[in-house]
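Okay, structure first, notes after.
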Amino acid sequence: MVSSKIKLFFTCLVFLLLFTESSLAIEPTTVALVNTYPNAYHNLGYPSARASFYDGSKFWVFFSNYTGGGISWSGQSLYSYSIDGISWSQPAILKESSTTHYYMSVWFENFTTNKTVYVSMSQFTTAADLRFRRGNITGTTIEWEPEVSIPVTNYVRGTFVTLNSSNYPWIGFCMYDGSKYRPWVVSANDIAGSAWSSPVLISDEDCMYPEGPTLLPLSNGKMYMIWYNSSGQSYRGAFFNGTLWKDLTTIDSATLPPSETGQYAVNVNDVIFLAFTGSDGVLYLRNWTEAQGWGERIVIDRNTDNSPQVTIGSDENGDLHVFWNRTNIIYYKKYSSATGWSLTSTPFGTSFSDPRRLRSAQAATNSVISLVWLENTSTAPFPVRHAYIDELLPQWSLNSTNATLAGTAIEHRLKWDDNVGLSYAIFSFDNCTGSFQNITGMSLSGNSAWSNFTVVINSTVGCQIRWCVYANDTSGNWNGTSCENPFTYTTSSLSSTLKLNTTKVWWNDSILASGYMTRNGQPANGTLNLFINNQVYCSNVEIINGNWDCTFYAPLEIKTYTVSINYTDDLGNPGSNTTTLTVSPFYGKAPTRGFVSILEQYVMVQDLNGKIKRVKLSLAVWR
């Protein structure tokens, strides 16, 4: 499992440029175990359909399960979610039938205010049945709107649901007319998909059953539809200019049927990319624009030892992600307009049991693109498997320290955010020695967390501290970019004088306290609190350019007190100082001449501590 690999990294404490590498993959997990119609393996929909996506916090997979026998096998249309891509929920039922089973096509839109799922469904029997449903994701549930039945005249295969540029649902499909399947399209009359127009026939030619078409939205209400013509062994395309369907075109005529190899297309900024297998077994890519039409073949993989099943998706950067399998291995390749094609890799391992019907997400969400497939394990039930590519490293921000005072414990703070989930952070530190050491680590969790490490720093004033943090996410992506340009600060000293304008006073006399604060010998700004025997007498005194003062009144009890100040500079460095203050009745002004008593009398008084005392009261005058 990935977690054991991560622990090995922590033990070795080896941090190289590999921590800045993206596109790491999570090992495949089993979503559910299902039965399948013999030799069909359409549990994830027809070859062009989509069946999985990531909504920004959860993975979702849509699939079917069948029971019974023959063409009228009963079945359930199901879906499951996972927060981490490892543990999956119990499947929820979207549709259930005791007389037939439905194949699904799924489209996901991550709108600003909501996350919405669109599903088209058709039966496997000969009934004229085409259905649509829309749902909004709320937490770990999908709140489904009522199912809509779309009028069709005959039985339908290979549906593909999408949205046009105005967010109106459209469905492409192949419909039987008594002699063959033909390509059709139908569009909703409202955004909710509660009412639909009449289906439109795109071409009078063959639309190969059961593969179905791919329907791709373009800008300004335009669309493009791709299907496979079995009689010509060719991929065909038609363009909708916002008003009518036109430009019926042969895209490629020397190809293998998608029932064996799959065929997938994506739209990236009005450029359509089609991945398919040629009759020579080579995996190809073609692209289309409205201005130029279809371009020449581009080779993705020349290995022809086994016909691949291929799927393609895109991410927020407009990069392409292509997955395919040959025998029991799933391969991966990425195309970036900035760097071109990556090397072919096997991110999910090399040991699978005849993976069938690879389905990638149409588009990445938060730089995560998911992949789902069905494994042919020879005997039922068959595992529905899921994996994903995480394109995004954990991101750091808000680096800070709470102080810089030499020889003290300093907290080093760094905030981390990740699209999938954070896992671990390691603190690397140069304590004025000129070299880094990875001295401690901590677990992180959630999509946002702080890596706060407290370390006693060097006691030498004026030396340079350097620090940084390595962090990874649950996908295994490491980010060590803070260590390429480490955070730095200089150790400092801090002191302040404490002066009272008098230290021997009568009770309740006014006293002026003042002082001068310096950091590394230079005046500094900050704040200060003054205490007498730990009781606050001046609070939040502002220190400006090193100067501060405050006035307070002497305590009423006759005794000697400790006066202390606690101060903090504008970098968060703390300091303190103390002096003493004596309160006594003998510290008034001395008379200029001897005094003459004119009245003496003993009285009973209660002191401030509540004690009753007998004292002599003397009234005297002097001059």
Pull out all pairs, ordered by first then second residue, where Cβ-Cβ is under 7 Å, the residues are six or more apart or on different chains, the first lies in the range 113-142 and is more than 17 Å from Thr153 (Cβ to Cβ), and the second is assigned to a strand (DSSP E or B) and acidic (Asp, Glu). Thr116/Glu109; Gly135/Glu143; Asn136/Glu143
Meets criteria (exposed (fewer than 14 other Cβ atoms within 10 Å of the Cβ) and at pLDDT below 90) for Glu557: yes
Within the range 575-589, is even one residue in a loop (DSSP other than H, G, I, E, B), touching a Gly at 6+ places or on another chain (Cβ under 7 Å) and exposed (fewer than 13 other Cβ atoms within 10 Å of the Cβ)? no
Here the residues within the range 449-493 that are under 23 Å from the mean Cα position of the chain (by Cα), small (Gly, Ala, Ser) and closer than 25 Å to Gly572 by Cα are Ala449, Ser451, Ser482
For the range 95-127: of the residues being within 22 Å of Val368 (Cβ to Cβ) and β-branched (Val, Ile, Thr), which is nearest to the chain's Cα centre (by Cα)? Thr112
Is the range 128-140 home to any residue that is basic (Lys, Arg), assigned by TED's automatic domain parsing to the domain that holds Ala32, within 19 Å of Glu211 (Cα to Cα) and assigned to a strand (DSSP E or B)? yes
Per-region count, the range 188-202, residues part of a loop (DSSP other than H, G, I, E, B) and at negative phi: 10
Given (1) in contact (Cβ under 8 Å) with a residue 60 or more places away in the chain; (2) more than 21 Å from Leu405 (Cβ to Cβ); (3) in contact with a Phe, Trp or Tyr (Cβ under 6 Å, 6 or more places away or on another chain), identify the lone condition not met by Thr582. (3)
Just to check your reading of the model, which residue among Gly85, Gly158, Gly178 is in contact with a Cys (Cβ under 6 Å, 6 or more places away or on another chain) and at positive phi? Gly158
Odd one out for Ser219 among (1) out of contact with any helix residue (DSSP H, G or I) (no Cβ under 8 Å at 6 or more places or on another chain); (2) not in a loop (DSSP other than H, G, I, E, B): (2)
Only one residue in Glu542, Glu600 is charged (D, E, K, R), modelled with pLDDT of 95 or more and not assigned by TED's automatic domain parsing to the domain that holds Ser459. Which one? Glu542
In the range 511-525, residue surrounded by the fewest Cβ atoms within 10 Å (Cβ to Cβ) [restricted to those that are of a type outside the set (Gly, Ala, Ser) and in a strand (DSSP E or B)]: Gln522
Positions within the range 42-71 being modelled with pLDDT under 70 and surrounded by fewer than 17 Cβ atoms within 10 Å (Cβ to Cβ), in sequence order: Gly68, Gly69, Gly70, Ile71
Condition first: over 26 Å from Leu216 (Cβ atoms) and of a type in the set (S, T, N, Q). Now tell me which residues in the range 75-131 satisfy that. Gln76, Ser80, Ser82, Ser87, Ser89, Gln90, Ser97, Ser98, Thr99, Thr100, Thr125, Thr126
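The values are calculated or read from the model by the stated rules, or taken from the named source; none is laboratory data. It should be emphasised that the depicted structure is a prediction, and the values quoted were computed from it without experimental measurement. Because the Cβ atoms are built from the backbone with ideal geometry, glycine has one as well, and the counts that use them run over all protein chains shown.
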